[in-house]
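As structure tokens, the structure follows; a few thoughts come after it.
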Amino acid sequence: MDPEFGLGLVQASVRGIFDWWDEVNESEQWQDRIFVGLGAAYGVIAIIALVQLARIQWRVPEYGWTTQKVFHLLNFVVNGVRAIVFFLREDVQELRPEIYSTVLLDLPGLLFFTTYTLLVLFWAEIYHQARSFPTDNLRPAFILINSAVYVVQAFIWFNFWWSPNAVTETVAKLYFACVSLAAAVGFLLYGGRLFLMLRRFPIESKGRRKKLREVGFVTTICFTCFTIRSVMMAFSIFNKKADLDVLDHPLLNAVYYTITEIIPSALVLYILRKLPPKRVSASGYQPIR
């Protein structure tokens, strides 16, 4: 084959892809289809999380709001809000003052951070207990860190409402990128530690193999999705075409939210689908710490 012909064929293919990308982005019909599809996907995950929460409550109604229950409740809230926002994306985009749409678009991302850092807290508690380290400060630290994240975000929202400008928008994106990167580091730190600790257990232990796969898969999934979130948000600072909060980029939204939220949420819910043990009797059931 003539090298020049091959190069021309590749260039034509690339131009065709870009032309198709621009055509879809500019089509109102495709915008509606993509955002409705995203809303439907989030709605399905929200229903799955709610069903799983109900199953856990039915299995062990005597327990209060355990970490497992809170995790599924937050998953339901995050995915439910995302579904509503995408179903009503055009109306949300046109809300005035603009701060309302900004909050509706940003808040689920923060709730997603809180939801999955609950797993980091859970694994940190297991690791510290296994190593006979104190665990008293872990939950207060989790609450303090999350409170600080929301307080700083509220301050950014207030500045954006008071004086919307490019600098505030850049700070907001950079802040969210840093928050996502911190979550990725948390999963790598405690998920990795717990994974290495479980590897030291006897190889014939069935529970060890199962928990090892669970921790390994969830750590990899969450570390990857939060890292991608951080990189994409940082990249959008320097390239307006990568802005995710506008109607003109439906394909980019579809790729971004599918990779960083929809697929990870679905996979993690599937991996952590196991229910607490059934209650044998009122006197014979022993709570698991």
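The values are calculated or read from the model by the stated rules, or taken from the named source; none is laboratory data. These figures come from a predicted structure and were not determined experimentally. Glycine gets a Cβ as well: all are built from the backbone with ideal geometry, and neighbour counts include every protein chain shown.
For residue 135, indicate whether it is of a type in the set (Ser, Thr, Tyr) and surrounded by fewer than 16 Cβ atoms within 10 Å (Cβ to Cβ). So residue 135 passes the test. Of all residues in the range 158-174, those that are surrounded by fewer than 17 Cβ atoms within 10 Å (Cβ to Cβ), touching a residue at least 40 places away in the same chain (Cβ under 8 Å) and closer than 22 Å to residue 229 by Cβ total 2. Selection of the range 52-66 for residues being assigned to a helix (DSSP H, G or I) and surrounded by fewer than 10 Cβ atoms within 10 Å (Cβ to Cβ) yields only 58.
Within the range 72-93, the set of residues being of a type in the set (Gly, Ala, Ser) and crowded, with 21+ Cβ neighbours inside 10 Å comprises 83 only. Scanning the range 46-64 finds one or more residues that are of a type in the set (Phe, Trp, Tyr), over 18 Å from residue 87 (Cα atoms) and modelled with pLDDT of 70 or more. Restricting the search to helices (runs of 4 or more DSSP H) fully inside the range 96-197 and requiring at least 3 residues that are over 19 Å from residue 82 (Cα atoms), over 22 Å from the mean Cα position of the chain (by Cα) and not small (Gly, Ala, Ser) gives 98-130, 138-162. Out of 251, 247, 275, one residue alone is closer than 30 Å to residue 101 by Cβ, at pLDDT 70 or above and in contact with a helix residue (DSSP H, G or I) (Cβ under 7 Å, 6 or more places away or on another chain). It is 251.
Restricting attention to the range 219-237, the residues that are touching a residue at least 40 places away in the same chain (Cβ under 8 Å) and either of a type in the set (Gly, Ala, Ser) or more than 21 Å from residue 256 (Cβ to Cβ) (or both) add up to 3. For the structure I just gave you, tell me whether residue 235 is in a helix (DSSP H, G or I), surrounded by fewer than 15 Cβ atoms within 10 Å (Cβ to Cβ) and either touching an Asp or Glu at 6+ places or on another chain (Cβ under 9 Å) or at pLDDT 80 or above (or both). Spelling it out, residue 235 is indeed in a helix (DSSP H, G or I), surrounded by fewer than 15 Cβ atoms within 10 Å (Cβ to Cβ) and either touching an Asp or Glu at 6+ places or on another chain (Cβ under 9 Å) or at pLDDT 80 or above (or both).
Suppose the filter is within 23 Å of residue 171 (Cα to Cα) and either more than 12 Å from the chain's Cα centre (by Cα) or assigned to a helix (DSSP H, G or I) (or both); does residue 86 pass it? No: the conditions fail for residue 86.
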